[in-house]
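Here, each number is a calculation from the coordinates, and none is a lab measurement. Here the structure is a predicted model, which is why all the values come from computation and not from measurement. Here the Cβ positions follow ideal geometry from the backbone for every residue, glycine too, while neighbour counts run over all protein chains shown.
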Amino acid sequence: MNGNDRLRSLIENISQLIDVKTGWKCTEWPCAEPLHYHQEDGYNCGVIICLFARWLAEGLDYNRKFSMRLERERMACTLLGSYYSDRYDEVWSALCLI
């Protein structure tokens, strides 16, 4: 069983459990892997997951190129609000290589 088959099997098992507990019938929902950006390093997975979720929710193209640095900056501004934008230069170096 390759990685994709194993993942699909796990999704099916979890869906069956959810159906039993909630009655949602999510085993009937389509399961697909759309074309998407693939991570090229070992440390940006959280950023990529957040971007994928946002783009999917907003109906945007999630197979596009993007600047990881810019997206990290946008996330910091969203999470930290105007404080980050107003004090950009001072805070920049303190926020985990954003």
statement: Of the convex hull enclosing the alpha-carbon atoms of the stretch 1-59, the direction-averaged projected area in nm² is 5.6 nm²
task: Can you figure out the FRET efficiency of residue 24 with residue 4, using R₀ = 30 Å and their beta-carbon distance, to the nearest 0.05?
output: 0.80
message: Quick check: pseudo-label points 7 Å beyond the Cα along Cα→Cβ at residue 16 and residue 43, how many nm apart are they?
response: 4.1 nm
- request: Using just the alpha carbons, could you tell me how many Å³ per residue the convex hull of the stretch 18-88 encloses?
  value: 152 Å³
